[in-house]
Amino acid sequence: MGGKPFGRPPGGAGKPGRAAPEAQECGAGGPEHTRRRGQGQLEAQVLAALHRAPGPAGAGWVRERLGGDLAYTTVMTILSRLHAKQAVTRERSGRAYLWSPAADEAGLAALRMRRVLDGEPDRDAVLTSFVSALSAQDEQLLRALLDRAADEDSGTDEARGG
Amino acid sequence: MGVFVFLPLVLPLTALPIARLAEQHLHPRATTRLLTLLAAVLGLCSTLCLGLLVVVGTAQLPGNPLPDGWSDPEVRAAVPFAEVAGAAAIPLLAAALTVGATTLRRHHRIRARTHRALDALPAGTDPAVLPDDAPYAYAVPAAPARPGRPARPGRIAVSRGMLERLDEDEVRALFAHEHAHLTCRHHRSLLAVRLAGCVNPLLLPLRSAVAFATERWADEEAARVVGDRRLTARAVGRAALIQRSAAPVELAHFAGPEPGPVPRRVAALLGPVPPARPWPPALTPAGLAALVAAAGTAASALCALNAAVALFVVLKAATPL
């Protein structure tokens, strides 16, 4: 194997090493935060590619659409991660999987947002909600207020019309 | 320093009448600013005095790292009931600081998690419309830059479930309301009041007062932007009813004897524009309450300062050079 060209990424040939996806994702091998942000961007890119696919697509097809400079295992890692987040679905086709988006980027955002809203009972102190919860009494009072306002509105309209 | 060191711990009581009365007599903008300022000053003074008592209390503990002279009878004579007060102050300050730090951390964590959730949508597409049937709308405060991640601007996150059930004008009012939260930096007031409540539980009632005042302020801004108070009232009311119909099993929600915040907001929007004065007229209950609160806050600041200087002088005299 000594005749291999230099500079080939370790993940490029046959069975890639475990370090390959990491090395590919962080590009120039930046610090931790660059890698993490890179992952988020790659996930979005892979999702976008799946959205443009005419139907369920294989990982190889996704890799080609992303320019082909990513290792196959990297694409697989990202797809599995998206699958764990329920952002994509997969079906078996022979020995490989075919992938399709369960939801788009917005769907992914909505999924994560729901996790924050459901998992943080104290969120109202940070995220200011448009309206807070109503009690049964409040609901009655509110309906009465809105009805009266609507009546007054139609009253003034009639007055203007006549 | 005498008994003055204890006063800032109880003077927050003077802020409670104005917290109740401001809603009816002041513009929500003035209410928010006044109550936030009161909470911040009273909270700081109360923590400072607790800190002074902790110094006196710690000096009496065996094996403490403070100079030996700090446990002299002259120092103890400066604080009434020095032994009991000093010993009680240590756990109190520890609890106050722990709860405050936890609150601050939770604030940052929720903000960061929400920004990460919205990162999937490019920042240019504000408001972030999320494909979710549950109706909700939130203003997400801006996050400053930290080592390792860039600053994030404040964003508005609204679910498709909410947008689909409001009409176009109501949606405009909703966005104006959330936008006002972001531009007026309401989350800062909310956090300040929250932390004040952590360090002195007597300040807890200011939390709900400021939370309500910021909502009212955003409502008034929205009404000004869309130019229609009735429309804004309808948007708030309908959004609340939509949310309630989407989540009918809200067992934990306790119905108090007074109407909740949403009906009060709608009623206020259907009423006249609140007066823009920054201070209630002097010879009314609200004016007197505001005066009491201002006097209490000034007294609290003076007492804390007096106690700090007095203790400094006593400790300096007791420290062998």
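The values are calculated or read from the model by the stated rules, or taken from the named source; none is laboratory data. Predicted model, so just to flag it, every value in this text is computed and none were measured. No Cβ is skipped: glycine too gets one built from the backbone with ideal geometry, and neighbour counts run over all protein chains shown.
Annotations for the structure displayed:
- Matching option when the condition is in contact (Cβ under 8 Å) with a residue 24 or more places away in the chain and either at negative phi or not hydrophobic (A, V, I, L, M, F, W, C) (or both), among A:Glu152, A:Glu105, A:Glu139: A:Glu105
- Residue count for the range B:85-111, restricted to those that are at pLDDT below 90 and either within 24 Å of the chain's Cα centre (by Cα) or within 14 Å of chain A (Cβ to nearest Cβ) (or both): 0.
- Against the numbered list (1) facing another protein chain (nearest Cβ under 8 Å); (2) under 23 Å from the mean Cα position of the chain (by Cα); (3) β-branched (Val, Ile, Thr), B:Val129 comes up short only at (2).
- Yes/no for B:Ala157 being assigned to a strand (DSSP E or B), closer than 13 Å to A:Met113 by Cα and in contact (Cβ under 8 Å) with a residue 40 or more places away in the chain: yes
- Verdict on A:Glu64 being surrounded by 15 or more Cβ atoms within 10 Å (Cβ to Cβ) and of a type outside the set (Ser, Thr, Tyr): no
- When residues of the range B:144-157 are limited to those that are at the interface with chain A (Cβ under 8 Å from one of its Cβ atoms) and surrounded by 12 or more Cβ atoms within 10 Å (Cβ to Cβ), the one farthest from B:Cys184 (Cα to Cα): B:Arg149
- Exactly one residue among B:Ala173, B:Ala142, B:Ala95, B:Ala101 is closer than 20 Å to B:Leu195 by Cβ, in contact (Cβ under 8 Å) with a residue 12 or more places away in the chain and not basic (Lys, Arg), and that residue is B:Ala142.
- Among the residues making up the range A:59-118, those that are more than 14 Å from chain B (Cβ to nearest Cβ) and among the polar types (S, T, N, Q) are A:Thr73, A:Thr74, A:Thr77, A:Ser80, A:Thr89, A:Ser93, A:Ser100.
- Matching option when the condition is of a type in the set (Asp, Glu) and at the interface with chain A (Cβ under 8 Å from one of its Cβ atoms), among B:Asp119, B:Asp169: B:Asp119
- Meets criteria (assigned to a helix (DSSP H, G or I) and touching a residue at least 12 places away in the same chain (Cβ under 8 Å)) for B:Val75: yes
- Scanning the range B:169-198 for residues that are among the β-branched types (Val, Ile, Thr) and buried (at least 24 other Cβ atoms within 10 Å of the Cβ) yields a single hit, B:Val193.
- Single match in B:Ser245, B:Ser300 (criterion: out of contact with any Gly (no Cβ under 6 Å at 6 or more places or on another chain), at pLDDT 90 or above and among the hydroxyl-bearing types (Ser, Thr, Tyr)): B:Ser300
- B:Val193 within 11 Å of another protein chain (Cβ to nearest Cβ), assigned to a helix (DSSP H, G or I) and aliphatic (A, V, I, L, M): yes
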